[in-house]
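*Asks:* Sending over a structure as structure tokens; questions will come in a sec.
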Amino acid sequence: MESRKETRQFKTEIQQLLNIIINSLYSHKDIFLRELISNASDAIDKLRFKSQTEPDILGDDAEFKIRIIADKDKNTLEVSDNGIGMSYDEVLENIGTIAKSGTADFLKAIEQSKTREDVLTPELIGQFGVGFYSSFIVAEKVELITRAAGSDKAVRWESTGDGSFGIEETVKDSRGTRVILHLKKTEKDEENFTEEWTIRNIIKKHSDFVAYPVVTDVEKDEPIPEKEQVLDKDNKPVNTTRKVRQEETLNSMKAIWARDKKDVSDEEYKEFYKHLSHDWNDPLTHVHLRLEGTTEYTMLLYIPSKAPFDMFHYERKHGIQLYCKRVFIMESCKELLPEYLRFVKGVVDAPDLNLNVSREILQQDRLVKNIRKNVIKKILELLAGMDKEQYEKFYAEFGSVVKEGLHTDWENKDKIADLLRYKTSKSGDKFISLQDYVSNMKAEQKEIYYITGDNLSTLINSPHLESLKEKDYEVLLMTDPVDEWVTMSLTEYKEKKLRSAEKGELELDKADDKKKDEYTALFDCIKSNLESKIKEVKQSSRLKESLSCLSGDDYDMSAYMEKLLKASGQKAPEVKRVLELNVNHPVLPKIKALFEKDKDSEKLKDYSSLLLDMAVIGEGGKVENPSQFSKMVGELMSEALKV
Ligand code: ADP
Ligand code: MG
């Protein structure tokens, strides 16, 4: 059979990404080594995990190692591992053709912030995670040779990072991956990555926590045994030492979670976080605990300070690594963390865990369930215990994610509700908690009022709030799309019902029944004029100054929800809304007079649609026929201005 060989183009996104990385990270060149070592370590992790069920897979190559080979003459630097390796198709899939989740979002964010490639901050890139492609910051050509565990075929991939890559079948005498960087020429004063000293420093700084030995051959002076010494004419040895190359491990492999809290410095916690997360920013905070009881385990969990670009991609990796007595079991352990806490990064080490666990068994495992419960508990406590400033930082980044928990984690619903923060009709720029809201409630106020929409100033000026404002009741202004789901899941807080200011009866003042009767006939007429657009016309208890507004029944979809669904391309069921009219507004008695004089007046039709359009505009919506609307207003003005 012919062996496979081809040249392919990078996917556009990848090429774009590559250019950005190369152009903006020149002052952070070092990180390429961290990325390659981390990939090597991941590859060993994967193999190790697989070997628990397939012990034969390791063969006689069971001593895991990551090797760094620098060649000054060739100006190359190699990072090799004896991990799981890749097949031909895996190389195609992992390197070069498929952009990782979030790439598109990342590129969009860059475009939106109008950040040019050359001024893109490393922090921004750090949130994305540059991975394998960071090799191209320092290399003019990257070569990857790999053989998958259990296969006898190997693959060679190479690229100069300018549009295309070549891939072909080849041979390799052992399992694992070699990444060979053909380094760019460096100037005298630039960092040279073939220098032992440079490599040592970078590894100490960025890869010290890697769990496998990162080794390199170093030149050492070795004493020459007396028997082998060459003597000069005075019978003295010519040399007592000789140069030998010796393998040395460059990283300490410290498992800091296994150490006592008081022995770990702040700096070490931060460095370990960066190692785990590939984030450049310091974490916001962490919790490090040993839980003792019938079973014992350790957790070291971090809250990042910035949300990653792929926060809302469901296939993204979770952040908890599972260990058993410092031996890595699996990364991205979803069983330990619910979706709504997916931003948490960290390590859980559970000595009593069965080492032969598979993902399927893990879900059933009682210990795992217990750990999960505690992880949630500790994170919620950590969040609840933050000071105001820190919590606001957290909330700005991850508030929307945490809110999902109201929907999915019934057990902790109350605690999650305590974490919510909103601006209100009274709070100005400040965010308040529901607890604050409840303490601010008026003595006679029974319910918690809220309104949803995408624009704070439209909400705060919404006609729906007029009566509530007059009563001096506070209203939560919910402007996050997720809030629509919040209001569906959270119907009560501290035994107070949450009520939408734009739905149902507000029951503030008993409606004036006498007036109601007076207006029945007119309202029926308006309703029949607007038949296809609304489901009812009624006297409003919400309005004080405005003439009209739209409302829904208790269980109707809110206007904002409808807008969101439409914006996301989903079919929103047509929900007709209720047109509420303010009978205390001076205009209504006049319309009523007109109606009583001439029930068939053409004007009544015009006024009906004006009342509706005004309600739509009042809540920041779009009127169906804007030119018709302005024409009518024009006519009204010219009539009013007649002298
Ligand atoms: P990430 O590590 O975040 O997945 P990278 O760009 O660093 O992203 O690597 C992309 C993928 O390439 C990895 O997920 C892995 O599947 C594969 N890969 C990279 N390096 C190695 C390696 N040394 N051994 C095996 N697979 C590797
Ligand atoms: Mg990687």
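*Asks:* Mind checking which residues of segment 511-524 are at pLDDT below 70 and either under 11 Å from Gln539 (Cα atoms) or in contact with a Leu (Cβ under 9 Å, 6 or more places away or on another chain) (or both)?
*Replies:* Matches in segment 511-524: Ala511, Asp512, Asp513.
*Asks:* Mind counting the residues in segment 208-218 that are in contact with an Asp or Glu (Cβ under 8 Å, 6 or more places away or on another chain) and assigned to a strand (DSSP E or B)?
*Replies:* 4
*Asks:* Just to be sure, is Glu596 under 35 Å from the mean Cα position of the chain (by Cα) and either on the phi < 0 side of the Ramachandran plot or exposed (fewer than 14 other Cβ atoms within 10 Å of the Cβ) (or both)?
*Replies:* Considered against the rule, which asks whether it is under 35 Å from the mean Cα position of the chain (by Cα) and either on the phi < 0 side of the Ramachandran plot or exposed (fewer than 14 other Cβ atoms within 10 Å of the Cβ) (or both), Glu596 comes out as no.
*Asks:* Considering Ser277, Ser265, Ser207, which residue is farther than 24 Å from Cys324 by Cβ, of a type in the set (Gly, Ala, Ser) and within 29 Å of the chain's Cα centre (by Cα)?
*Replies:* Ser265
*Asks:* Please go through segment 584-643 and pick out each residue that is small (Gly, Ala, Ser), under 25 Å from Ala521 (Cβ atoms) and at pLDDT 90 or above.
*Replies:* Ala593, Ser608, Ser609, Ala615
*Asks:* If a residue must be assigned to a helix (DSSP H, G or I), more than 14 Å from ligand 2 (Cβ to nearest atom) and surrounded by 15 or more Cβ atoms within 10 Å (Cβ to Cβ), how many such residues does segment 20-56 contain?
*Replies:* 9
*Asks:* Quickly run through segment 140-152 and pick out the residues that are away from ligand 2 (no atom under 16 Å from the Cβ) and closer than 25 Å to Asn192 by Cβ.
*Replies:* Those that are away from ligand 2 (no atom under 16 Å from the Cβ) and closer than 25 Å to Asn192 by Cβ: Glu140, Lys141, Glu143, Ile145.
*Asks:* Which residues, counting only those in segment 245-282, are acidic (Asp, Glu) and without any contact (Cβ under 8 Å) to a residue 60 or more places away in the chain?
*Replies:* Glu247, Glu248, Asp260, Asp263, Asp266, Glu267, Glu268, Asp282
*Asks:* Being away from ligand 2 (no atom under 16 Å from the Cβ), surrounded by 15 or more Cβ atoms within 10 Å (Cβ to Cβ), in a strand (DSSP E or B) and touching a residue at least 40 places away in the same chain (Cβ under 8 Å): is that true of Val155 here?
*Replies:* It is true that Val155 is away from ligand 2 (no atom under 16 Å from the Cβ), surrounded by 15 or more Cβ atoms within 10 Å (Cβ to Cβ), in a strand (DSSP E or B) and touching a residue at least 40 places away in the same chain (Cβ under 8 Å).
*Asks:* Counting only residues that are in contact with a Gly (Cβ under 8 Å, 6 or more places away or on another chain) and either free of Cβ contacts under 8 Å to residues at least 24 places away in the same chain or not hydroxyl-bearing (Ser, Thr, Tyr) (or both), how many does segment 62-83 have? Outline the logic, then answer.
*Replies:* Keep residues of segment 62-83 that are in contact with a Gly (Cβ under 8 Å, 6 or more places away or on another chain), which gives 64, 80-83.
This time we only want the ones that are either free of Cβ contacts under 8 Å to residues at least 24 places away in the same chain or not hydroxyl-bearing (Ser, Thr, Tyr) (or both), so: 64, 81-83.
Final tally of qualifying residues: 4.
*Asks:* Let me ask something else about it. Report, by residue number, each residue of segment 545-573 that is farther than 30 Å from Val587 by Cα and surrounded by fewer than 13 Cβ atoms within 10 Å (Cβ to Cβ).
*Replies:* Residues satisfying the conditions are Tyr555, Lys566, Ala567, Ser568, Gly569, Gln570, Lys571, Pro573.
*Asks:* Looking only at residues that are in contact with a helix residue (DSSP H, G or I) (Cβ under 8 Å, 6 or more places away or on another chain) and part of a helix (DSSP H, G or I) in segment 577-595, which one is farthest from Gly504 (Cα to Cα)?
*Replies:* Taking the candidates together, the pick is Leu594.
*Asks:* A follow-up question, please. Taking the condition more than 16 Å from ligand 2 (Cβ to nearest atom) and either part of a helix (DSSP H, G or I) or crowded, with 18+ Cβ neighbours inside 10 Å (or both), does Ile14 pass?
*Replies:* no
*Asks:* Would you check if there is a residue in segment 110-123 being surrounded by fewer than 21 Cβ atoms within 10 Å (Cβ to Cβ), within 14 Å of ligand 2 (Cβ to nearest atom) and modelled with pLDDT under 90?
*Replies:* Checked segment 110-123: no residue is surrounded by fewer than 21 Cβ atoms within 10 Å (Cβ to Cβ), within 14 Å of ligand 2 (Cβ to nearest atom) and modelled with pLDDT under 90.
*Asks:* Now, a different point. In segment 462-482, how many residues are part of a helix (DSSP H, G or I) and either touching a helix residue (DSSP H, G or I) at 6+ places or on another chain (Cβ under 6 Å) or at pLDDT 95 or above (or both)?
*Replies:* Residues flagged as part of a helix (DSSP H, G or I) and either touching a helix residue (DSSP H, G or I) at 6+ places or on another chain (Cβ under 6 Å) or at pLDDT 95 or above (or both) within segment 462-482 amount to 1.
*Asks:* Shifting gears a bit: Scan the helices (runs of 4 or more DSSP H) fully inside segment 378-461 and keep the ones with 1 or more residues being within 23 Å of the chain's Cα centre (by Cα) and of a type in the set (D, E, K, R).
*Replies:* 388-408, 413-419
*Asks:* Just checking, does segment 599-619 include any residue being crowded, with 19+ Cβ neighbours inside 10 Å, in contact (Cβ under 8 Å) with a residue 60 or more places away in the chain and among the β-branched types (Val, Ile, Thr)?
*Replies:* Yes: segment 599-619 contains one or more residues that are crowded, with 19+ Cβ neighbours inside 10 Å, in contact (Cβ under 8 Å) with a residue 60 or more places away in the chain and among the β-branched types (Val, Ile, Thr).
Okay, residues lined up against (1) closer than 29 Å to Lys369 by Cα; (2) in contact with a His (Cβ under 6 Å, 6 or more places away or on another chain); (3) surrounded by fewer than 17 Cβ atoms within 10 Å (Cβ to Cβ):
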site	(1), (2), (3)
Val218	no, no, yes
Val230	no, no, yes
Lys243	no, no, yes
Arg259	yes, no, yes
Ser277	yes, no, no
Leu284	yes, no, no
Gly293	yes, no, yes
Pro308	yes, no, no
Ile320	yes, no, no
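*Asks:* Checking Gly85 against (1) within 16 Å of ligand 2 (Cβ to nearest atom); (2) at pLDDT 95 or above; (3) surrounded by fewer than 17 Cβ atoms within 10 Å (Cβ to Cβ), which single condition isn't satisfied?
*Replies:* (3)
*Asks:* Can you go through Lys373, Lys345 and tell me which one is modelled with pLDDT of 90 or more and surrounded by fewer than 17 Cβ atoms within 10 Å (Cβ to Cβ)?
*Replies:* Working: Lys345 fails: surrounded by fewer than 17 Cβ atoms within 10 Å (Cβ to Cβ).
The conditions single out Lys373.
*Asks:* Quick one: would you say Lys254 is surrounded by fewer than 20 Cβ atoms within 10 Å (Cβ to Cβ), outside any loop (DSSP other than H, G, I, E, B) and more than 16 Å from ligand 2 (Cβ to nearest atom)?
*Replies:* no
*Asks:* Do you know which of the residues in segment 124-153 that are more than 18 Å from Leu33 (Cα to Cα) and more than 16 Å from ligand 1 (Cβ to nearest atom) is modelled with the highest pLDDT?
*Replies:* Asp152
*Asks:* Also, quick follow-up: Only one of (1) farther than 21 Å from Ala149 by Cα; (2) within 13 Å of ligand 1 (Cβ to nearest atom) is not met by Asp71, so which one is it?
*Replies:* The single condition Asp71 does not satisfy is (2).
*Asks:* Go through Thr12, Thr53 for me and flag whichever is more than 14 Å from ligand 1 (Cβ to nearest atom) and either modelled with pLDDT of 85 or more or in contact with a Gly (Cβ under 6 Å, 6 or more places away or on another chain) (or both).
*Replies:* Thr53 is the lone residue from the list that is more than 14 Å from ligand 1 (Cβ to nearest atom) and either modelled with pLDDT of 85 or more or in contact with a Gly (Cβ under 6 Å, 6 or more places away or on another chain) (or both).
The values are calculated or read from the model by the stated rules, or taken from the named source; none is laboratory data. Values in this document were obtained by computation on a predicted structure and should not be read as measured data. All Cβ positions, even for glycine, are placed from backbone atoms using ideal geometry, and neighbour counts span all protein chains on display.
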